[in-house]
Amino acid sequence: MMPAVPLPRGAKIAPTIEVKLGRGWRYDPERGVFTSERGEQFAPPREALPRTAKIVPKVPSLARAAPARLSKAERELTRFVQVVLPPRTDPAPLVAAIRRWPSVEDAQPAPKVSLPSATARPARG
């Protein structure tokens, strides 16, 4: 494995939190709410995230589709969303709060983006 080096100064990479919703929950990006199969709704409190943060489905086309028309595998994919944070925001303090949302099964900071080391050389075969 190649060692990673930090991104150059000024690189604007938005940190994200990977979120897996509980069974039966979906995110409605049009309304900005999580909905369950039982009709429950949860809107994240405004103060829970930075002002410019966005919640986006991992597969937007499936998030817009009617659940009854989706296969079991497609319904499973609709359980995954990302919380995209402003650049240079530390996601760690927000993860615990997101895990407490009633619609969330799990939340993790996404892996840090990095570049390969300049000393790494490709393997010859």
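Every read-out reported here was derived from the displayed coordinates using simple, explicitly stated rules and does not represent laboratory data. Being a predicted model, the structure only gives us computed values, none of them experimental. Here the Cβ is made from the backbone with ideal geometry for all residues, glycine too, and neighbour counts use every protein chain on show.
Provide the gained length on full extension for the span Ser36 to Ala110, in nm with one decimal, where the gain is 0.36 nm per separating residue minus the Cα-Cα distance. If you can, show how the numbers build up before the last one.
Values: separation 74, 0.36 × 74 = 26.64 nm, distance 2.49 nm.
Going from the current span to full extension adds 24.2 nm.
For Phe34, what charge total do you get from the other residues with a beta carbon under 10 Å from its beta carbon, if Lys and Arg give +1 and Asp and Glu give -1? Write down the numbers at each step before the final one.
On the way: positive: Arg26, Arg31; negative: Asp28, Glu40.
Neighbourhood net charge equals 0.
Per-residue counts of other Cβ atoms within 10 Å, averaged by peptide: what ranking do you get for 83-93, 37-47, highest first? Kindly include the intermediate steps, with their values, before the conclusion.
Numbers: 83-93: 14.7, 37-47: 10.8.
Result, highest mean first: 83-93, 37-47.
Just tell me which lysines come within less than 29 Å, Cα to Cα, of Lys12; anything on the same chain fewer than 8 places away is out.
The qualifying lysines are Lys20, Lys54, Lys58, Lys112.
Quick one: compute the contact order of region 14-111, relative version, from alpha carbon pairs under 8 angstrom and 6+ residues apart, as a percent. Mind dumping the intermediate values first?
Numbers: 173 pairs, mean separation 45.6, N = 98.
Computed over region 14-111, the figure is 47 percent.
Compute the convex hull volume of the Cα atoms of the chain, divide it by the residue count, and report the result per residue in Å³ as a whole number. Before the final figure, lay out each step's value.
Numbers: hull volume 19.1 nm³, N = 125.
Output value, Cα hull per residue: 153 Å³.
Considering amide H positions built from the backbone, and no H for Pro or chain starts, which residues 5 or more places from Asp106, or on another chain, come under 5 Å of its amide H?
Correct list: Lys20.
Please compute the length gained on full extension between Lys72 and Arg51, using 0.36 nm multiplied by the number of residues separating them and subtracting their Cα-Cα distance.
4.1 nm
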